[in-house]
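Single-structure report; data block below.
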Amino acid sequence: MEARALQRDRGKAVILAAACLAIGLWSSSCGGPASTEVVPSPTAGFSLSSTTVSFGNQAIGTASAPQTTTLTNVGSATLTFSSIQVTGPNAGDFTLTNNCGSSLAASALCALGVTFVPGAAGARTASVVFTDNAAGSPQTLNLTGTGTAPAVALSAATLTFGSQLVGTGSPAQTLTLTNNGNSALGITSLVVTGANPGDFPETTTCGSSVAAGGSCTISVTFTPISAGPRTASVRITDNASDSPQITSLAGTGTVAVASLSTSSLTFRSQSVGTTSAVQTITLSNTGSAALSISSLAIGGTNAGDFAEIADTCGSSVAAGGNCMIGVTFTPSAAGQRAAALSITDNAGGSPQSVNLSGTGSPDVILSWTASPTPGVVGYNVYRGTTSGGEGTTPLNSTPVNGTTYADGNVTAGTTYYYVVTAVGSDGVQSAPSNETEAAVPTS
């Protein structure tokens, strides 16, 4: 209803005010026909702080740091979710932490956390899909990341050391490990395993990690502890897809084996001060490695009575080879004489030993002045046990070519008498020389 107030002013009619009286909540009557105004119902609104979450590179099987996206209800009504889930080709690689619950009040916000654990190398994608009561549902939050992995390459699948003398170390061989992948290689263990791991000591620069594109080395030597084929493996356990990586190790332990043709040499009775004929020892190497000789010497009680001559062994005898050692006996006194030849080498049982023995027999050594008579071809020596009692048969079977003679066929404690004659080319002998006397000692 409209009320009008009229005031007359100087003969004029003026409308002082017009009031509109409310008739209903959303309608009014101001003297004319009634009008109606429609107010919109409250609605939920959906807004993300980002429509894509990118994780970049992440090593396969490892978890990224969480990334957070904020969801805001920009509407005037409660935002209600019927589902929030991760879907897409690699949904299993992304883990969602939903702090929004099942609804979000008008103008409120909440945080969504996502973690990336790639299950394989290369680009990985998924989406968080929101199904709700806001316009444009379902909404999508895109998830991307790249799975990275180390790629291990070893410089050799096998290290072969060949033959090596037991107990000695070979030169080192080097194995290079290279990480050709796009993430760090984490090494859990690096060990030598197999049948004979103790024969292959190793040192390494690898540590617990090798950066992408980096490399490290493993140095291996072969020190066989026994003869024959020896095997082992370098085993590397890490986070590469083809773990463990294995390099085989092989070598052959060899030994030298010294064999002597005899364990003793016995010399016949030999006149004191005279040298025997040479007796020979054969040293053979029946092993699979060279026999290295560090010393060859005669020792023992009467070492000076024996001499090592004609040694063809040198410092080494090849596997399967042999050499000769000659020994002579020159007794310095009568009676039993003993010594030993000792060979020190790299064979088992070193030093090898040969016992040496002989008997020094008393002797008489005669010497005289050469005859000035032309045509003398030698001398005969006659002996007796009484003065003037020299026999008619010379001690020597053929004329002595020289001016000395050793009579080794004597008896200790006996006195002998000697004369010498010169023998001409016609066999005629001169008169005997002056007689000389020789008493053989008892010891």
Note to self: Relative contact order for region 258-361: what percent, with Cα pairs under 8 Å and sequence separation of 6 or more?
What the structure shows: 38
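What's the longest uninterrupted piece of the chain once you rule out the trypsin sites (Lys or Arg not before Pro) that are loop residues per DSSP with at most 16 other Cβ within 10 Å? Numbers along the way, then the final one.
Details: sites that count: 10, 268.
My reading of the result: 11-267 is the longest stretch.
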Margin query: Less than 13 Å Cβ to Cβ from residue 272, Lys/Arg counted +1 and Asp/Glu -1: what total charge do the surrounding residues give?
Written below: -2
Checklist line | Local electrostatic count at residue 154 - Lys and Arg +1, Asp and Glu -1, tallied over other residues with Cβ under 12 Å | finding: -1
Notebook entry, point to check: At what distance in angstrom do the alpha carbon centres of region 322-381 and region 227-269 lie from each other?
Noted result: 44
Notebook entry, point to check: When DSSP beta bridges are limited to those with both residues in the chain, what percentage is antiparallel, rounded to the nearest 5?
Noted result: 85
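Before anything else, pin down the relative contact order of the chain: Cα pairs under 8 Å, at least 6 apart, normalised by residue count, whole percent.
Numbers: 1169 pairs, mean separation 38.5, N = 443.
Result for the chain is 9 percent.
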Margin query: Cut-off 10 angstrom, C-alpha nodes, Gaussian network model of the chain. Which of 213, 360, 136 fluctuates the most?
Written below: 136
Next item on the list: Percent of Cα-Cα pairs per 5 Å bin, from 0 to the last occupied bin, for region 152-254, please list those.
Entry: 3, 14, 24, 23, 15, 10, 7, 3, 1, 0
Margin query: Which order do the peptides 168-175, 190-197 come out in when sorted by mean C-beta neighbours inside 10 angstrom, highest first?
Written below: 190-197, 168-175
Notebook entry, point to check: If contacts are Cα pairs under 8 angstrom and at least 6 residues apart, what is the relative contact order of region 364-439 in percent?
Noted result: 36
Notebook entry, point to check: GNM, the chain, Cα, under 10 Å: largest mean-square fluctuation among 395, 291, 112?
Noted result: 395
Checklist line | Given charges at beta-carbon only (K, R positive; D, E negative), |dipole| of the chain in Debye | finding: 2400
Check: Convex hull volume of the Cα atoms in the chain, per residue, in Å³?
Finding: 281
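No lab work stands behind these numbers, since they all come straight from the coordinates. As the structure is a computational prediction, the values presented were derived from the model and not from experiment. Heads up, the Cβs are rebuilt from the backbone with ideal geometry, glycines too, and the neighbour counts pull from every protein chain shown.
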